[in-house]
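Derivation of every value follows stated rules applied to the coordinates shown; laboratory data play no part. Keep in mind that this is a model prediction, so the values were computed, not measured. Every residue, glycine among them, receives a Cβ derived from its backbone with ideal geometry; neighbour counts consider all protein chains shown.
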C-alpha cells in the first residue's frame, strides 16, 4: 500500500485502502454475543451502490459488497481486513462508505431471516474539499430497524464519526445530543483509511494549489503556505500536474518551493543536532 519512493509523471492513482479494525457489540436480548458479519459497500449521495468499486486483493475482480470473516460469539471481534476502494475521481465528492452489521445464525433456517441490526457510514470527502484523513475512525453505529435507515439523504445528515461530534462541540461549546431521527446503538466500530491519490489531497493548502486557476490572484499566498507542507506530499500532486503543459510554469515554481521545503527541513534538523551535541 502507499506510494513508491519514486513517483513518475503519468503515475495517476486514486485508491483508498479501508481496513475493518474492530468493534464491540451489545448482545441485546441474546444470551450469548452475536456472530457479527460486516458488509462494506460504497454508495453515492442518493444511496445508489457503486458497482464493483471494492477490490479484496491483488488480482481480484472488483465487487460491490465485501463481507468479512464471522467470529462465533465474540463480543469484541478484531478483523484487521483490508480492501482497496477505487472509484472515478469525479465521483469521490459524492460518495461514502457504508457498513452494515448482521448477526449470522449457525442454523440455516434462522440465518435466512436475520436482517442487519446496525449501520455506519463515513464520507470520502470533507466539507472543505479535502479527502478523509488517513488513520483510525471511530464510527457511530445506527439502528436499521426503521425505514429511514435506508434513506441516504436522512443518515448522511447525521454525524458519522466521534471526531465530527467533538468538532461540533468545540464550535458550539455545548454537549452534542443526537437528534433521534435514527437511534444510535450502544455498539462501536473502528476502521482505518489510507488514501493514495495524485489528484486529491488531505491538505487544504495543496487543494488551493490544485485549484489555483479559480484563485489565481492568491497564487503567491498559496505557494508561500506550501512552505509548511511536507515536501513529499507536494511531489505526489506535482507529478500529475506536470502532465498539463498549461501548468508547467506553476509546476516549476512548486518544484523550486519543494526544494526550499527540503532545505528548510534539513536546516532545522541540523540545528537540532548541533544544539544537542
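Of all the residues in region 177-203, those that are surrounded by fewer than 18 Cβ atoms within 10 Å (Cβ to Cβ) and assigned to a loop (DSSP other than H, G, I, E, B) number 8.
Take the conditions (1) touching a strand residue (DSSP E or B) at 6+ places or on another chain (Cβ under 6 Å); (2) without any contact (Cβ under 8 Å) to a residue 60 or more places away in the chain; (3) closer than 29 Å to residue 198 by Cα; residue 126 misses just one of them, which is (1). Within region 59-99, being under 23 Å from residue 131 (Cβ atoms) and part of a loop (DSSP other than H, G, I, E, B) holds for 62, 64, 87, 88. When we screen 54, 70, 63 for residues that are more than 18 Å from the chain's Cα centre (by Cα), within 30 Å of residue 200 (Cβ to Cβ) and free of Cβ contacts under 8 Å to residues at least 60 places away in the same chain, the only hit is 63.
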